[in-house]
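The values are calculated or read from the model by the stated rules, or taken from the named source; none is laboratory data. Note that the coordinates shown come from a computational prediction; the quantities given were computed from them, not determined experimentally. Methodologically, a virtual Cβ is constructed for each residue, glycine included, from the backbone with ideal geometry; neighbour enumeration extends over all protein chains shown. Just the protein is used for accessible areas: all its heavy atoms, side chains included, with ligands, DNA and RNA removed. Shrake-Rupley method; radii C 1.70, N 1.55, O 1.52, S 1.80 Å.
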Amino acid sequence: MTKSTLEKSIEELNQLLDGNDPGVERHERHLPTPPEFTGEEIKKIRQQIPATQLVFAQIMAASPRTVQAWETNRGKPNGPARRLMQLIELDPSVARLLM
């Protein structure tokens, strides 16, 4: 019986993890960290959609108080929230997919 591509890949990965070089080519990608946003920038992103703080909070899976804190610079969004805001800033229709 021939091995599937997935089975071969798993076997090669196991060899690599065991310290053996199975002769595979590896590629690494290092994504930059998501940008930091000021309260004013977060408000602009929210208004691009457009959304109220309540709706934006639902999109971001955060509480309305958290969004309010971000917009008044009393709190800072974490990495995943910043990444989602980055995507929404680049393309506001991303937020509409979550509504």
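Figures for the structure shown
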{"read-out": "Helices (runs of 4 or more DSSP H) wholly inside segment 3-99 containing at least 2 residues that are over 17 Å from the mean Cα position of the chain (by Cα)", "value": "5-17, 39-48, 53-60, 64-71"}
{"read-out": "Filter pass, THR33 being closer than 30 Å to GLN53 by Cβ and either in contact with a strand residue (DSSP E or B) (Cβ under 7 Å, 6 or more places away or on another chain) or open to solvent by less than 100 Å² (accessible area, probe 1.4 Å) (or both)", "value": "no"}
{"read-out": "Those residues of segment 51-99 which are open to solvent by 50 Å² or more (accessible area, probe 1.4 Å), among the aliphatic types (A, V, I, L, M) and modelled with pLDDT under 95, in sequence order", "value": "LEU97, LEU98, MET99"}
